[in-house]
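Shown next, in structure tokens, is the structure this report addresses.
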Amino acid sequence: MTALGKLFRTTTFKLTLVYLTVFAIFAAFLLGYFAWNTRRLFTEQITATVDAEVSGLAEQYQTGGVRRLVLAIDRRSRQPGSNLYLVTTAAGETLAGNVGALPAGVLEKPGWVETEYRRLEDSEGLPHQAVVRIFELPAGFRVLVGRDLEERERLYNIVISAGRWSIALVVVLGLAGGFFVTRRVLKRVDAMTETTRTIVGGDLTGRLPVTGSGDEIDRLAENLNAMLERIEALMRGLKEVSDNIAHDLKTPLTRLRNRSEEALRSAKGEADYRAALESTIEESDGLMRTFNALLMIARAESGHARDDMTEFDAAEIARGVGELYEPLAEEKGLTLKVEAPDAITVHGNRELVSQALANLADNAIKYAAPDERAADGPGPEIAVRAYSEGDRVMLVVADNGPGIPEADRSRVVERFMRLEHSRSQPGSGLGLSLAAAVARLHGGELKLENNQPGLQAIIALPRGGPVQSRG
Amino acid sequence: MRLLIVEDDRDAADYLIKAFREVGHVAEHASDGEDGLALALEGQYDVLVIDRMLPKRDGLSIISTLRSKSVETPALILSALGQVDDRIKGLRAGGDDYLPKPYSFAELLARVEVLSRRRGGRGQETVYRVGDLELDRLSHRVTRGSEEVVLQPREFRLLEYLMKHAGQVVTRTMLLENVWDYHFDPQTNVIDVHISRLRSKIDKGFAQPLLHTVRGAGYMVRDSAR
């Protein structure tokens with residue numbers, strides 16, 4: 001498509017054309033109306049002047065008859081101006097007046113008529129237009145009183161030509177303006193199309209140009225940019241997930257395969273096979289667990305789980321999770337206590353919140369176990385708390401274990417992120433990620449704070465659940 | 001026990017039929033929803049194992065049709081959809097249990113056995129007895145021999161569930177679902193610790209243990225003396 005063709009096809013240009021046509025028709029109509037009215041007014045004025053002349057002449061005639069009338073006409077027709085006079089005998093012989101030639105028969109009919117004529121002193125020139133009134137006097141005398149229409153015609157012509165010019169101007173300026181505006185819009189749209197094309201091509205970092213004028217195209221571009229931002233974040237998330245899945249599922253899968261191969265190669269007797277198969281099952285259970293956790297996170301992050309949100313008591317969740325993990329904590333030499341005295345109603349997905357808190361408790365027990373603690377220090381302790389703070393509900397698991405170094409805190413929330421020294425502990429490494437995803441699902445957040453010593457993991461949820469408008 | 005397995009995946013169905021036969025049950029198979037419904041309507045089965053997604057008629061529709069015709073055969077739904085709301089939908093349609101894929105056969109077997117014996121089971125009894133262990137559901141008293149055993153409320157519910165299904169394997173997931181009402185994986189085997197606590201209260205100091213661990217499956221309360 002040529003550049004010009006593209007330009008003509010734009011909505012802006014088509015709109016310009018429509019507006020231009022409507023505007024030109026409107027202007028033509030307006031000017032036509034104006035011209036017609038001017039002409040009418042002029043005609044009225046001329047007839048009034050002629051009537052005044054006529055009444056003056058009628059007076060002369062009444063006082064002095066034809067003779068006096070002829071004298072008066074003779075006098076008046078010598079004065080310069082646009083008034084026309086003529087008086088003839090019944091035979092058509094001119095007695096006085098300033099009208100030369102007239103078309104034949106004009107004088108025969110009394111009354112108003114618009115006619116061509118030639119002036120007496122200019123009998124070779126072009127015929128003029130005039131409006132005249134004809135009278136017939138007794139004894140066949142004919143009197144003509146009238147007025148030249150040149151002024152009227154000139155004015156009319158001026159108006160018409162002005163009209164033509166202005167319409168031409170409107171069309172030219174309109175076309176030029178439309179052209180200019182269209183080109184401007186087209187340029188911006190072209191820039192957007194160009195960027196979009198690179199984005200479609202796979203480069204998600206591109207952003208649509210924003211001029212800063214705040215007009216509708218800018219707003220559109222800003223919204224599209226926000227959308228791109230979100231898509232990019234999602235894509236990044238997806239890529240991270242697939243990278244992590246590749247990494248953390250491949251490792252146990254490789255182990256699984258190696259063990260099976262090893263068993264086939266070197267197992268002696270049923271006991272060896274049995275052991276190999278048992279470890280295979282164990283490994284695949286672990287894989288399944290990781291997989292389930294990933295699905296759970298995906299579900300929490302997609303926002304789909306918002307459908308089954310209900311009102312529940314956060315304190316009851318804390319007590320339930322505390323009670324579930326208390327024996328395990330005790331077995332590991334930790335004291336677990338629940339501090340959730342008051343019922344706190346919160347809107348959310350009970351199951352997911354329970355699981356998130358359970359994950360935090362599980363982590364706390366895993367990492368705060370008192371293996372290398374100084375014997376005289378405070379006893380290892382885990383507190384599961386539920387309390388409200390302003391319009392937020394806090395579900396907390398606090399321990400006084402080794403904690404997480406400040407620099408690592410945001411990293412551990414990432415999927416599969418397990419600090420190097422904790423690689424020896426069992427677990428999918430998804431516990432904190434899931435807790436964070438659940439918190440985000442509810443419009444809240446997961447915070448990791450220094451418990452001095454130890455770690456305090458807080459799931460802060462808005463009491464009323466997520467704000468619905470947030471996609 | 002007679003089972004009907006409605007499953008469109010031939011491999012999975014064969015595996016299940018074989019595994020159930022090995023432990024002494026009779027399993028029949030239907031590979032689509034219509035056949036499954038027809039068999040379930042005419043056959044005398046103890047438990048139905050129904051895949052959620054089937055050709056011709058889906059699993060939930062089979063169950064709700066059966067229930068509307070007053071066929072109350074216990075049904076277990078197998079599903080690749082393991083989310084909480086899917087489970088709720090399954091139970092609402094009239095299913096009695098819900099097991100997300102992939103599952104271990106031990107888990108499925110334990111659940112099927114519990115379902116098969118639920119009818120005419122111990123639901124109505126007020127006192128459960130296993131050997132010399134006695135649990136009174138009304139007074140919440142537990143005694144072993146002549147001694148009273150003091151249990152925490154949750155320990156009581158744990159023992160109650162185990163004794164209700166005495167002689168049957170109860171898996172960790174079943175305990176987590178029925179005693180704690182949690183449907184997620186708690187990563188660490190927290191249930192084991194609860195069990196060992198309970199065991200120390202009811203079995204410690206007695207010659208005959210009643211609470212047994214079933215390797216690779218779960219737990220069972222059983223009077224091994226008989």
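Anything in segment A:21-57 that is exposed (fewer than 11 other Cβ atoms within 10 Å of the Cβ) and among the acidic types (D, E)? List them, or say none. Across segment A:21-57, the qualifying residue is only A:E44. The number of residues in segment A:258-280 being surrounded by 13 or more Cβ atoms within 10 Å (Cβ to Cβ) and within 23 Å of A:A293 (Cα to Cα) comes to 2.
Here's the yes/no breakdown for (1) surrounded by 12 or more Cβ atoms within 10 Å (Cβ to Cβ); (2) among the charged types (D, E, K, R); (3) not in a helix (DSSP H, G or I):
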position: A:T195; (1), (2), (3): yes, no, no
position: A:L204; (1), (2), (3): yes, no, yes
position: A:L224; (1), (2), (3): yes, no, no
position: A:A233; (1), (2), (3): no, no, no
position: A:D243; (1), (2), (3): yes, yes, no
position: A:A246; (1), (2), (3): no, no, no
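The requirement of being touching a Ser or Thr at 6+ places or on another chain (Cβ under 9 Å) and either more than 15 Å from A:L144 (Cβ to Cβ) or not aromatic (F, W, Y) (or both) is satisfied by A:L102. Before we move on, is A:R164 surrounded by 15 or more Cβ atoms within 10 Å (Cβ to Cβ) and touching a helix residue (DSSP H, G or I) at 6+ places or on another chain (Cβ under 9 Å)? No: the conditions fail for A:R164.
Screening A:N292 against (1) in contact (Cβ under 8 Å) with a residue 40 or more places away in the chain; (2) among the polar types (S, T, N, Q); (3) within 11 Å of chain B (Cβ to nearest Cβ) leaves a single unmet condition, (1).
Does B:I62 satisfy the condition of being within 28 Å of A:E282 (Cα to Cα) and either modelled with pLDDT of 85 or more or surrounded by fewer than 16 Cβ atoms within 10 Å (Cβ to Cβ) (or both)? Judged against the criteria, B:I62 is not a match.
Just to be sure before I move on: is B:T73 in contact with a Leu (Cβ under 8 Å, 6 or more places away or on another chain), more than 14 Å from chain A (Cβ to nearest Cβ), among the hydroxyl-bearing types (S, T, Y) and surrounded by fewer than 18 Cβ atoms within 10 Å (Cβ to Cβ) in the structure I sent? Spelling it out, it is not the case that B:T73 is in contact with a Leu (Cβ under 8 Å, 6 or more places away or on another chain), more than 14 Å from chain A (Cβ to nearest Cβ), among the hydroxyl-bearing types (S, T, Y) and surrounded by fewer than 18 Cβ atoms within 10 Å (Cβ to Cβ). Of B:V193, B:V169, all but one fail to be away from chain A (no Cβ under 14 Å) and either surrounded by 19 or more Cβ atoms within 10 Å (Cβ to Cβ) or touching a Leu at 6+ places or on another chain (Cβ under 6 Å) (or both); the exception is B:V169.
Just so you know, in segment A:304-334 the residues that are under 22 Å from A:E389 (Cα atoms) and among the hydrophobic types (A, V, I, L, M, F, W, C) include one that is nearest to the other protein chains (Cβ to nearest Cβ), and it is A:V321.
Tell me yes or no: at least one residue of segment B:65-79 is in a helix (DSSP H, G or I) and of a type in the set (K, R). Yes: one or more hits. From the list A:L461, A:L446, A:L441, A:L434, the lone residue that is within 14 Å of another protein chain (Cβ to nearest Cβ), under 23 Å from A:T345 (Cβ atoms) and either modelled with pLDDT of 80 or more or under 49 Å from the mean Cα position of the chain (by Cα) (or both) is A:L441. Has segment A:2-20 got at least one residue that is exposed (fewer than 13 other Cβ atoms within 10 Å of the Cβ) and closer than 30 Å to A:G146 by Cα? For segment A:2-20, residues exposed (fewer than 13 other Cβ atoms within 10 Å of the Cβ) and closer than 30 Å to A:G146 by Cα: absent. Selection of segment A:335-365 for residues being more than 12 Å from every other protein chain (Cβ to nearest Cβ) and either under 15 Å from B:D181 (Cβ atoms) or over 47 Å from the mean Cα position of the chain (by Cα) (or both) yields A:T335, A:K337, A:V338, A:E339, A:A340, A:P341, A:D342.
You will find that of B:R222, B:R215, the residue that is within 12 Å of another protein chain (Cβ to nearest Cβ), under 30 Å from B:Y98 (Cβ atoms) and of a type outside the set (D, E) is B:R215 and no other.
Selection of segment B:1-27 for residues being surrounded by fewer than 14 Cβ atoms within 10 Å (Cβ to Cβ) and in contact with a Leu (Cβ under 8 Å, 6 or more places away or on another chain) yields B:V23, B:V26.
Candidates B:L210, B:L198, B:L158, B:L175: the one that is in contact (Cβ under 8 Å) with a residue 40 or more places away in the chain, within 21 Å of the chain's Cα centre (by Cα) and away from chain A (no Cβ under 14 Å) is B:L210. Is at least one residue of segment B:74-84 out of contact with any strand residue (DSSP E or B) (no Cβ under 8 Å at 6 or more places or on another chain), over 17 Å from B:R2 (Cβ atoms) and of a type in the set (G, A, S)? No, segment B:74-84 contains no residue that is out of contact with any strand residue (DSSP E or B) (no Cβ under 8 Å at 6 or more places or on another chain), over 17 Å from B:R2 (Cβ atoms) and of a type in the set (G, A, S).
Considering segment B:71-97, and only residues there that are in contact with an Asp or Glu (Cβ under 7 Å, 6 or more places away or on another chain) and over 27 Å from B:G43 (Cα atoms), the residue that is modelled with the lowest pLDDT turns out to be B:V84.
The values are calculated or read from the model by the stated rules, or taken from the named source; none is laboratory data. As the structure is a computational prediction, the values presented were derived from the model and not from experiment. Glycine gets a Cβ as well: all are built from the backbone with ideal geometry, and neighbour counts include every protein chain shown.
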